[in-house]
Amino acid sequence: MELKICHMYPDVLNLYGDGGNIRCLSQRLRWRGIEASLTRLPIGETAHLADFDLVFIGGGQDFEQQVLLEDLHRGKDREIRAAVEDGLTFLTICGGYQMLGSYYETHDGQRCDFIGALDLYTVGSQTRMIGNYKFRCGPASGGSLVVGFENHSGKTWLGPGVEPLGQVLAGFGNNGEDGSEGARYRNVFGTYSHGPLLPKNPELCDYILTTALRRKYGSCELAPLDDSAELAAHDEMCEKIHK
Ligand code: GLN
């Protein structure tokens, strides 16, 4: 068995160690004897997303999101919309997550038209939503408790066609107002959680891997791992993050 992973925009969207999610996804596959191949897709390069099983997009500053817009609209946007509808698994973080929506309007009124793959939009605010936070994933995303770090000025609002990834327990989440965090649509996972997200949230990592393996091979049960170190880090953060 093998999963082909595409890391999109590793050159401009890789804030707060988001690239570490790729190492976590790959290592948790290899620990189970499943191959993980990685293709980096920077600005200027193209690939057929249908050739992959999982796509990862990290976070970036407003400026970096604007830098990649021209490249995005040269065809990657169409590829991403088609891959999302075809059930490809995506993990997208902060700026990479915002990019899946219809637009991002910066706090000084500049509007970036994004991909329109998910029914959501983002509006920049004067306040930065920053700090350690925690949220509980919805039942459709495994229901695990997730600890993470957020740093964004964008407030994301979900339309009727998208579910939240989870509900905020402490921190801001999508917008600091409606208690939602992230987004779920088909096999897309969007979240504001940097850090990287996955190493200290092994249950969510395995849930994401399982969606990609099931899509490719039908049924799939990942063998349990000794997650004592990961869960110790998770629990310590969970303790530190209070309402
Ligand atoms: N530039 C976007 C914002 O500030 C995304 C930031 C990020 O990816 N951390 O909301």
## Note on the structure
By the Kirkwood definition, with r running over pairs of different Cα atoms, segment 57-169 has a hydrodynamic radius in Å of 14.8
#### Entry: With eigenvalues of the C-alpha gyration tensor scaled by 5 and rooted, segment 184-242, Å
24, 16, 7
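Given the Cα-Cα distance of His48 and Val67 and 0.36 nm per residue of separation, how much length would full extension add, in nm? Provide the component values of the computation, followed by the final result.
Values: separation 19, 0.36 × 19 = 6.84 nm, distance 2.17 nm.
Net length gain for the segment: 4.7 nm.
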### Query
So, with a 1.4 angstrom probe, what is the percent of accessible area on the chain that is carbon and sulfur?
51
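Sort the following peptides by mean Cβ neighbour count (other Cβ atoms within 10 Å, averaged over residues), highest first: 9-18, 196-205.
Working: 9-18: 21.2, 196-205: 24.0.
Listed from highest to lowest mean packing, they are 196-205, 9-18.
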### Task
Treat each spin label as a single point 7 Å out from the Cα along the C-beta direction, and report the Glu35 to Ser228 distance in nm.
3.3
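Over segment 124-243, average the accessible area per residue using a 1.4 Å probe and give it in Å², no decimals.
Working: 5310 Å² over 120 residues.
Value returned for segment 124-243: 44 Å² of accessible area per residue.
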### Query
Among 96-105, 122-131, what's the highest-first ranking by average C-beta atoms within 10 angstrom per residue?
96-105, 122-131
### Query
Expressed as a whole number of Å, what is the distance separating the alpha-carbon centroids of segment 170-243 and segment 8-83?
18
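For the ranges 150-159, 137-146, 220-229, what's the packing order if you count other beta-carbon atoms within 10 Å of each residue, average per peptide, and put the highest first?
Numbers: 150-159: 21.1, 137-146: 16.8, 220-229: 11.3.
Ranked by mean Cβ neighbours within 10 Å, highest first: 150-159, 137-146, 220-229.
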### Task
With 19 Å as the limit, write out which pairs from Lys76/Lys216; Lys200/Lys240; Lys134/Lys240; Lys134/Lys200; Lys155/Lys240 have Cα-Cα distances beyond it, or answer none.
Lys76/Lys216; Lys155/Lys240
#### Entry: Anchor Lys4: aspartates and glutamates whose Cα lies under 15 Å away (excluding residues fewer than 8 positions away in-chain)
Glu35, Asp51, Asp53
### Query
With every protein chain left in place, what is the accessible area per residue of segment 40-120 in square angstrom, probe 1.4 Å?
40
### Task
Add +1 for every Lys or Arg and -1 for every Asp or Glu among the other residues with Cβ under 9 Å from the Cβ of Ile43, and state the total.
-4
### Query
Ordered by residue, what ³J(HN,Hα) values in Hz, to whole numbers, does segment 121-130 give under the Karplus form 6.51 cos²θ - 1.76 cosθ + 1.60, where θ = phi - 60° and Gly and Pro are x?
8, 10, 10, x, 10, 6, 9, 8, 9, 9
### Query
What is the chain by shape, rounded, prolate or oblate, if you read a ≥ b ≥ c off the alpha carbon gyration tensor as root eigenvalues and call it rounded for a/c under 1.5, prolate for a/b larger than b/c, and oblate otherwise?
oblate
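Does segment 114-243 come out rounded, prolate or oblate by the C-alpha gyration tensor, with a ≥ b ≥ c the root eigenvalues, rounded set by a/c under 1.5 and, if not, prolate when a/b is larger than b/c and oblate if not?
Working: a/c = 2.31, a/b = 1.19, b/c = 1.95.
Oblate is the answer for segment 114-243, as a/c is 1.5 or above yet b/c matches or exceeds a/b.
The values are calculated or read from the model by the stated rules, or taken from the named source; none is laboratory data. Not measured: the values here are computed from a predicted model. Neighbour counts run over all protein chains shown; Cβ positions are idealised from the backbone, glycine included. Just the protein is used for accessible areas: all its heavy atoms, side chains included, with ligands, DNA and RNA removed. Shrake-Rupley method; radii C 1.70, N 1.55, O 1.52, S 1.80 Å.
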